Structures are given as C-alpha cells and as structure tokens.
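**Q** Take a look at this one; I'll ask things after.
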Amino acid sequence: KAGVTQTPRYLIKTRGQQVTLSCSPISGHRSVSWYQQTPGQGLQFLFEYFSETQRNKGNFPGRFSGRQFSNSRSEMNVSTLELGDSALYLCASSLNTGEAFFGQGTRLTVV
Amino acid sequence: SQQGEEDPQALSIQEGENATMNCSYKTSINNLQWYRQNSGRGLVHLILIRSNEREKHSGRLRVTLDTSKKSSSLLITASRAADTASYFCAVNRDNYGQNFVFGPGTRLSVLP
C-alpha cells in the first residue's frame, strides 16, 4: 500500500512569489491535514480537509490556503511569500479521526 | 500555547537501556498519538491511544495515558542506535476532525 506522497520534495522561491504544494493521501483516506514545521515554532496545524471540505483551520494568515479534490488529493497554496514561510510542510492522511500518516514533507526555502 | 509538552527535551542513553518520554496536555482529548522524526524528515507513526484506553504496546514500545493527570508516556525498551530521533506526542482534541497540537519533542540519542 503506497504511503502519503508529497511533491515537490524541495522548493526554492523568492519573496513575493506564490507556491503550490501537493499531497496525495493513502488510498481510501478522506482526511488530509497540513502542518508547518520550523525550528522556532515547531509543528503547527494549518488546516484539514475532509471530503473536499475544510473541516478545521489553524491560526495562519489568509495567505495560506488549501483545497481538496474529489480523489482526496490536496494542495496548499501560499501567496506573497515571506522569508518566515521557509519551513518543512508536512501533510497527513487518515480515514477520519484515527491514525494519521505523514508524508516526507516539502522543504520550502524563501530567499 | 501548545498543548502537547514533551519532557525531557533531550535524552541521551546507552544502547540496551530503556528510554522514557513524557507528554502533558491541557484539555480533554479524543486521542493521543506518538511519532518519530529523523533529521527533519517526515513523521513516522508509532502508536495511537484513545482517551478511554490506559496502556498500549507495540513491539518495544509501551504507551500509557492518564487522563486525570492529562499526561502520557512513551517507553522504548532495549533501545538501539537506530532509535536515535526526535519523538513527538500529538494531541487530537477534536471528535470530528484531525487537528493535532504537537509539543516541541524529545530529542533521543542512543549511544552505541
């Protein structure tokens, strides 16, 4: 059974640009949640999608957005990138509220 | 502030010894999950324990949950160098969603 796949693995962007990250969940999983990990703030919850609807949202500015497609794949978008957005972005998939399995993450560097 | 707070922040032991990490949280929970992370890579799922459970085992791992004290512990027995990693507890408060609050993690070093 394939795990959670995140693409791309690494990304370098310039301040002011926007970026889209992709997450393919485990087959059959309907929940996809996103997290940001930085050395200073640790792991922080961004948002969760379930059956194409945002079910939970963390305390991030509106520059961070996401969506989920009918096949449960999810994308997150960050607009007007800032240096502080440099982080490891992780997505997790689960059936519903049980075990959540994480992908390898996308390492975003904003220069 | 983050709910999950691991203790200690760093732990160094010899191979073969046991390692115990603790996690405290502040509100009621649906479940609590423990993860391992190697050098900034993805999180590996270790164990899920639900609010109505007190103890779970998986191989060399033992997790306990005390909801009256709002705390959980992860015990790794007979540790190996490959167990060197950061360990996080993830508190899921929500009964209707997947919305983890993570602690800062415990950095475990197992020396050969």
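**Q** If I build a Gaussian network model for chain B, linking alpha-carbon pairs within less than 10 angstrom, which residue out of B:22, B:92, B:38 has the largest mean-square fluctuation?
**A** Judging by the Gaussian network model, the answer is B:38.
**Q** A further question follows. Just need the relative contact order of chain A here, percent rounded to a whole number, with Cα pairs under 8 Å and 6+ apart.
**A** Relative CO of chain A lands at 37 percent.
**Q** Another question, if that's okay. Average partner chain C-beta neighbours within 10 Å, per residue of B:75-85?
**A** Working: counts 0, 0, 0, 0, 0, 0, 0, 0, 0, 0, 0.
Taking all residues of B:75-85 together, the mean is 0.
**Q** Given a 10 angstrom Cα cut-off, can you work out which residue in A:90, A:11, A:46 is the most mobile in a GNM of chain A?
**A** A:11
**Q** Let me ask you something else. Evaluate E = 1/(1 + (r/R0)^6) for residue A:109 and residue A:27, where r is the Cβ-Cβ distance and R0 equals 35 Å; express this FRET efficiency to the nearest 0.05.
**A** Numbers: r = 31 Å, r/R0 = 0.89.
With R0 = 35 Å, the Cβ-Cβ based efficiency is 0.65.
**Q** Classify the range A:17-76 from the C-alpha gyration tensor, please: rounded if a/c falls under 1.5, else prolate or oblate depending on whether a/b exceeds b/c. All intermediate terms of the calculation are to be shown ahead of the outcome.
**A** On the way: a/c = 1.78, a/b = 1.63, b/c = 1.09.
Because a/c hits 1.5 or more and a/b exceeds b/c, the range A:17-76 counts as prolate.
**Q** Under the definition of partner shielding as Cβ atoms of other protein chains within 10 Å of a residue Cβ, what is the mean value for peptide A:68-74? Can you show the working numbers first?
**A** Working: counts 0, 0, 0, 0, 0, 0, 0.
Mean partner shielding for this stretch: 0.
**Q** Once you keep just the Cα pairs under 8 angstrom separated by 6 or more residues, what percentage relative contact order results for chain B? Let's see the in-between values first.
**A** On the way: 290 pairs, mean separation 43.0, N = 112.
Worked out over chain B, it gives 38 percent.
**Q** If each Cα of the range B:36-112 is one equal point scatterer, what is log10 of I(q)/I(0) from the Debye formula at q = 0.13, 0.23, 0.25, 0.27 Å⁻¹?
**A** Each listed q maps to, in turn, -0.43, -1.25, -1.39, -1.49.
**Q** Taking the simple approach of a point 7 Å from Cα along Cα-to-Cβ for both residue B:38 and residue A:11, what is their distance in nm?
**A** 2.6 nm
**Q** Which of the chymotrypsin sites (Phe, Trp or Tyr not before Pro) found in the range A:3-102 are in a DSSP loop and have at most 13 neighbouring Cβ atoms, other than their own, within 10 Å? Spell out each step's value before the answer.
**A** On the way: sites: A:10, A:34, A:35, A:45, A:47, A:49, A:50, A:64, A:69, A:89, A:101, A:102; in loops: A:69.
The qualifying sites are A:69.
**Q** Here's something else I'd like to know. Can you pull the percent of Cα pairs in the protein assembly as shown with separation above 30 Å? Working shown, then result.
**A** Numbers: 5551 of 24753 pairs.
Distances greater than 30 Å cover 22 percent of the Cα pairs.
**Q** With r as the distance between the Cβ atoms of residue A:95 and residue B:15 and R0 = 35 Å, compute the FRET efficiency 1/(1 + (r/R0)^6) and round to 0.05.
**A** 0.45
**Q** In nm, to one decimal, how far is the modelled label at residue B:54 from the one at residue A:18, with both set 7 Å along Cα→Cβ?
**A** Here the answer is 5.4 nm between the modelled labels.
Readers should treat all values here as calculations from the given coordinates under stated rules, not as data from a laboratory. On a predicted model such as this, the values are computed, not experimentally measured, just so you know. Cβ: placed from backbone, ideal geometry, glycine included. Neighbour counts: every protein chain shown.
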